[in-house]
Amino acid sequence: MQTHDYIGYTGILLIAIAYAPTLYHLIAKKCAFNICMRRQIIWLFASVMLAIYAFFLPSIVFIIATLLQAFGSSAVIFYAFKHRQNRCDEHRH
């Protein structure tokens, strides 16, 4: 593996870390407060479009990153819709 591969895989790790708090809050606390569905849907479509592009390159790091983003956005959309009326104790005020 070359240096740029390590940079790419570190970026993938950062994507997973970035989605973790939001998904934790949505799943564990069943709270969809402050989730912008429009933004998540745009991110989902952008990720899918970039994944299609990545398959034509082909770049395994780019493919994994865009699919991870698509999965993260899909999960946020699913749980935000599921818990759209719920608020945790932190956000009830």
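Given the structure, is Phe33 buried (at least 18 other Cβ atoms within 10 Å of the Cβ) and in contact with a helix residue (DSSP H, G or I) (Cβ under 7 Å, 6 or more places away or on another chain)?
Taking the combined requirement at face value, the residue does not satisfy it.
Restricting attention to region 50-93, and to residues there that are basic (Lys, Arg) and not in a helix (DSSP H, G or I), which single residue is surrounded by the most Cβ atoms within 10 Å (Cβ to Cβ)?
Here the answer is Arg87.
If you check Ala20 against the conditions, is it in a helix (DSSP H, G or I), of a type in the set (Gly, Ala, Ser), without any contact (Cβ under 8 Å) to a residue 12 or more places away in the chain and out of contact with any Ser or Thr (no Cβ under 6 Å at 6 or more places or on another chain)?
Considered against the rule, which asks whether it is in a helix (DSSP H, G or I), of a type in the set (Gly, Ala, Ser), without any contact (Cβ under 8 Å) to a residue 12 or more places away in the chain and out of contact with any Ser or Thr (no Cβ under 6 Å at 6 or more places or on another chain), Ala20 comes out as yes.
Kindly indicate the residue of region 1-60 that is farther than 16 Å from Ile77 by Cβ and among the charged types (D, E, K, R) and also nearest to the chain's Cα centre (by Cα) among those meeting that condition.
Lys29
Any read-out appearing in this document is the output of simple, stated calculations on the displayed coordinates, not a laboratory observation. This is a predicted model, so every value here is computed, not measured. Neighbour counts run over all protein chains shown; Cβ positions are idealised from the backbone, glycine included.
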